[in-house]
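To start, the structure under review is shown below, and the notes come after it.
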Amino acid sequence: MKKSKHTKQDILKLLKTNKIISGEKMAQILGISRTAVWKHINDLKRKGYLIEVTPKGYTLINNVDLLNEEELADLPYKVYYYKEITSTMDIAKEIAEKGEEALIIAETQTKGKGRMGRFWYSPKGGIWMSLVIKPTFSLKEVYLLTYMASLATALAIEKIAGIKGYLKWPNDIIYKENDEEKKLAGILLEVKGEIDKINYAIIGIGINVNNEISSFVPEATSLKEIIKKELKRKDIIEELIKEFKILLEMDSVKILNLWKDKSLTLGRKVKIIHPEGEKIGFALDISDDGALILKTENEKILKIYSGDCIHLRNLTK
Ligand code: BTN
């Protein structure tokens, strides 16, 4: 006998592929009773789907931004979906320890984690997800993952929202209008491994899509704020994962070149804030091992592997 979750997915597929379809026809196609169809339709409605009943049958109103396991069933990773969670990073870690690859998504996070131990505000309407993967490359090359993830996020934003996504070192996705730069998305990477092998990597991705922006983070914006309409988060996630998979197969030089093309940091005067101190200089390039190459005011060349980066106003070299 078919598992009921699959039947629900099948009903959803029929609703998506037919403008209008009767309960009788669906029952016939799926080999279940009309009452079973009706029950599944009610379940789907409870999950937030808008389904209209007309004398000729059911119609799915397809402009709702819904995330759930059914909507994300076509992704190449097993999806764990939560309405509310502390942080997708927490569940991702448990799953990673079991040796699984998966995508963990939450509608809201109560203890969202940002870089450098910061709190990440994660209200309804955003994309808050962690991807658990077991990459085949070594710990030395792990820096590539944040470049790949930020690049894939920027590309997905461009494709689905139709606006340009810029990148700020090390891994912020930025919207730029005139001289103003605002953060749209951020990446948080956690890795477990030994020198020559990565056991797992957890890539946390937070994107401000249809959500409100906290007044405590004036330097942030959302896609809705920019394009003045709501997007389907599912479309962004699917595109992002598709791009990320393509990047996973690329060599490091190509990835870094693609990243540099979208970078707002290179060629700029920047301040790098690090627990060990601050550095000011010109961001010259990204080294082959993923560091930001900085020329300081006294002409010293430094390689910076981590820290917060602030773009300074003075643009002259
Ligand atoms: C940053 O500081 O820019 C990184 C933000 C990363 C936020 C995402 S949201 C999904 C995942 N779960 C978390 O708690 N954090 C990351």
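Please arrange HIS6, HIS40, HIS274 by accessible surface area, largest first, computed with a 1.4 Å probe and ligands excluded. Let's see the in-between values first.
Numbers: HIS6 95, HIS40 25, HIS274 55 Å².
The ordering from most to least exposed comes out as HIS6, HIS274, HIS40.
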- Task: Take the Cβ-Cβ distance between LYS295 and ASN62 as r, set R0 to 45 Å, and report the resulting FRET efficiency rounded to the nearest 0.05.
- Result: 0.30
- Distance between Cα centroids, region 219-271 to region 64-91: provide it in whole Å. 21 Å
- Item | Measure of compaction for region 1-76 (Cα Rg per 2.2 N^0.38 Å) | 1.03
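Give the carbon-plus-sulfur fraction of the accessible surface of region 139-246 in %, rounded to a whole number; probe 1.4 Å, heavy atoms of protein chains only.
Details: 2300 of 4600 Å².
Whole-percent figure for carbon plus sulfur exposure: 50.
Taking a ≥ b ≥ c as the square roots of the Cα gyration tensor eigenvalues, with a/c under 1.5 meaning rounded and otherwise prolate when a/b beats b/c, else oblate, which class fits region 203-317?
Numbers: a/c = 2.41, a/b = 1.42, b/c = 1.70.
Oblate is the answer for region 203-317, as a/c is 1.5 or above yet b/c matches or exceeds a/b.
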- Keeping all protein chains in position, work out how much accessible area VAL37 exposes to a 1.4 Å probe, and write it in Å² to the nearest 10. 0 Å²
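Provide the net charge surrounding GLU52, with neighbours chosen by a C-beta distance below 15 Å and charges set as Lys +1, Arg +1, Asp -1, Glu -1. Walk me through the numbers on the way to the answer.
Numbers: positive: LYS16, LYS19, LYS45, LYS56; negative: none.
Net charge around GLU52: +4.
In µm²/s, what is D for region 154-208 at 20 °C and 1.002 mPa s, where D = kT/(6 pi eta Rh) by Stokes-Einstein and Rh is the Kirkwood radius from Cα pairs? List each step's numbers first, then the result.
Values: Rh = 12.8 Å.
Approximately 168 µm²/s, per Stokes-Einstein.
What net charge do the residues around LEU302 carry, taking every other residue with its C-beta under 9 Å from that of LEU302, with Lys and Arg at +1 and Asp and Glu at -1? Don't skip to the end; give the middle numbers.
Working: positive: LYS279, LYS295, LYS300, LYS303; negative: none.
Cβ neighbours under 9 Å give a net charge of +4.
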- Message: Among TYR49, VAL132, GLY23, whose Cα projects farthest towards the positive end of the dipole of the chain, with charges put on the beta-carbon of Lys, Arg (+1) and Asp, Glu (-1)?
- Response: GLY23
- Against the longest alpha carbon principal axis of the chain, how many degrees, from 0 to 90 and to the nearest 10, is the axis of helix 88-97 turned? 90 degrees
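Any idea what the alpha-carbon Rg over 2.2 N^0.38 Å comes to for region 109-254? Mind showing how you got there, number by number?
Working: Rg = 15.1 Å, N = 146, 2.2 N^0.38 = 14.6 Å.
So region 109-254 has a normalised radius of gyration of 1.03.
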- Can you tell me the accessible area per residue over the chain, all protein chains present, probe 1.4 angstrom, in square angstrom? 52 Å²
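For a Förster distance of 30 Å, can you work out the FRET efficiency between the beta-carbons of GLU219 and LYS242, rounded to the nearest 0.05? If you can, show how the numbers build up before the last one.
Numbers: r = 29 Å, r/R0 = 0.97.
After rounding, the FRET efficiency stands at 0.55.
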- Message: Rounded, prolate or oblate, given the Cα gyration tensor of region 252-309, with a/c below 1.5 counting as rounded?
- Response: prolate
- Query: Accessible surface of TYR147 in the full protein assembly, 1.4 angstrom probe, to the nearest 10 Å²?
  - Reply: 10 Å²
- Message: Along the charge dipole of region 180-317, pointing to its positive end and built from +1/-1 on Cβ of Lys, Arg, Asp and Glu, which listed residue (ILE198, LEU294, SER215) has its Cα farthest out?
- Response: SER215
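Tell me, what % of the accessible area of region 9-135 is carbon and sulfur with a 1.4 angstrom probe? Intermediate results must be reported in sequence, preceding the final value.
Details: 3450 of 6630 Å².
Heavy-atom surface of region 9-135 belonging to carbon and sulfur, 1.4 Å probe: 52 percent.
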- Message: What are the equivalent ellipsoid semi-axes of region 223-265, built from the alpha-carbon gyration tensor (square roots of five times its eigenvalues), in whole angstrom, biggest first?
- Response: 26, 16, 4
- Binned at 10 Å from 0, what are the whole-percent values of the Cα-Cα distance distribution for the chain, short to long? 6, 24, 30, 22, 11, 5, 2, 0
- Query: What pairs in LYS83/LYS224; LYS39/LYS93; LYS19/LYS39 have C-alpha atoms more than 29 Å from each other?
  - Reply: LYS39/LYS93
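The values are calculated or read from the model by the stated rules, or taken from the named source; none is laboratory data. Values in this document were obtained by computation on a predicted structure and should not be read as measured data. Backbone-built Cβ (ideal geometry, glycine too); neighbour counts: all protein chains shown. Heads up: the accessible areas ignore ligands, DNA and RNA and are worked out on the full protein's heavy atoms, side chains in. Shrake-Rupley method; radii C 1.70, N 1.55, O 1.52, S 1.80 Å.
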